[in-house]
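Readers should treat all values here as calculations from the given coordinates under stated rules, not as data from a laboratory. Note that the structure is predicted; figures quoted are calculated from it, not measured. We place every Cβ from the backbone using ideal geometry, glycine too, and count neighbours over all the protein chains shown.
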Amino acid sequence: RAKERGKNTCQYFTPDMNARARELLQFESGLRQALEQQQLVLHYQPQVDLMTGDLIGVEALVRWEHPERGMVPPGDFIPLAEETGLIVPIGEWVLRTACAQSRAWRQAGFSPVRMAVNISPRQFRQSDLTARVDEILRETGLEPGALELEVTEGMIMNDVEAAIATMEELGKMGVLLAIDDFGTGYSSLGYLKRFPIAGLKIDRSFVRDIPGDTNDAQIAASVIALAHNMNLRVVAEGIETADQLSFLRDKGCEHGQGYFFSPPCTAEELAARFLAA
Ligand code: C2E
Ligand code: MG
Ligand code: MG
């Protein structure tokens, strides 16, 4: 038995495991360099008014242009960044770059659209988040009302009172807040009315199978009704088909984003295809 255990223990040191551990360490140090070497890029996905089709905003989504692996999606490196704390400088770079881009589009004469930026849990807990956001807005010359920060239910419910205080500080500055991936977390509806937020984003998982899946159709319709009763604006995520669009539009969902309109694209593509003078 002991021998067997000993044998099993040895498995932790197989060359295979070593290779994986080494690879993870390399990936981490690569991510550390990615910022300095300007390998991170933002893509922008249009958010449209579902009634008129007008562009109302864009969401900034980070990608890593890895020298060997090619384009790495955020799901493959944001969790590691969060774990190592690298998310703080990365998140700050994202905010500054998105705000500067928004300001540059305005200066180029395009009609203003809202810029939505994802905030990570660790970033949200930073004691000087409000000061950092304020500094970035001043530095880039973007008006606070043009910036919307996306937070998740989990981030808020983790420490409700602290989260409300942070959101109120941001709100006082004039920055907008939205809850991302709504419905996948565990928001207490009782708290929802205390959050100083402008909108909810219905998670893609509830949009994917509508209108065919009656459960999801009912959830989506309920979230829209709930939001409207609280004077919140709704953005549906992941709209891919005309049927999904017409269902959401029927339920009064005002805004949406998804491949049906456009995948996330580079700043140049976005300006060429969607921005109006
Ligand atoms: P999210 O904020 O919910 O962003 C929406 C995700 O859905 C994006 O994935 C977008 O490309 C994808 N998407 C949009 N429309 C469709 C569609 O019609 N169909 C499908 N299948 N997917 C669609 P992406 O860019 O891979 O980002 C994934 C997640 O990574 C984001 O989810 C967000 O949580 C996180 N993320 C992205 N950029 C940042 C960032 O700058 N900072 C932080 N903290 N997180 C980020
Ligand atoms: Mg988002
Ligand atoms: Mg989302």
| Looking at the stretch 182-277, which GluC sites (Glu not before Pro) are in a loop (DSSP not H, G, I, E or B) and have at most 16 other Cβ atoms within 10 Å? | Glu240
| Highest-first arrangement of 174-181, 185-192, 225-232, where packing means the average Cβ count within 10 Å | 174-181, 225-232, 185-192
| For the stretch 1-144, what is the percent of antiparallel DSSP beta bridges, rounded to the nearest 5? | 75
| How are the C-alpha pair distances of the chain spread across 10 Å bins, as whole percents from the shortest bin up? | 6, 26, 32, 22, 9, 4, 1, 0
| query | Using 1/(1 + (r/R0)^6) with R0 = 25 angstrom and r between the beta carbons of Met157 and Ala225, what's the FRET efficiency to the nearest 0.05? | reply | 0.70
| task | Sum up the lysine pairs in the chain that clear both bars: alpha-carbon distance under 28 Å and a spacing of 8 or more or different chains. | result | 5
| message | Relative contact order for the chain: what percent, with Cα pairs under 8 Å and sequence separation of 6 or more? | response | 18
| message | Using the Cα centre of the chain as the reference point, and only Cβ charges (+1 on K/R, -1 on D/E), how large is the resulting charge dipole? Debye, rounded to the nearest 20. | response | 540
| said: Net charge around Ala163, counting only other residues with Cβ within less than 13 Å of its Cβ (Lys, Arg = +1; Asp, Glu = -1)? | reply: -3
| field | Packing rank of 164-173, 141-150, where each peptide gets the mean count of other beta carbons within 10 Å, highest leading | value | 141-150, 164-173
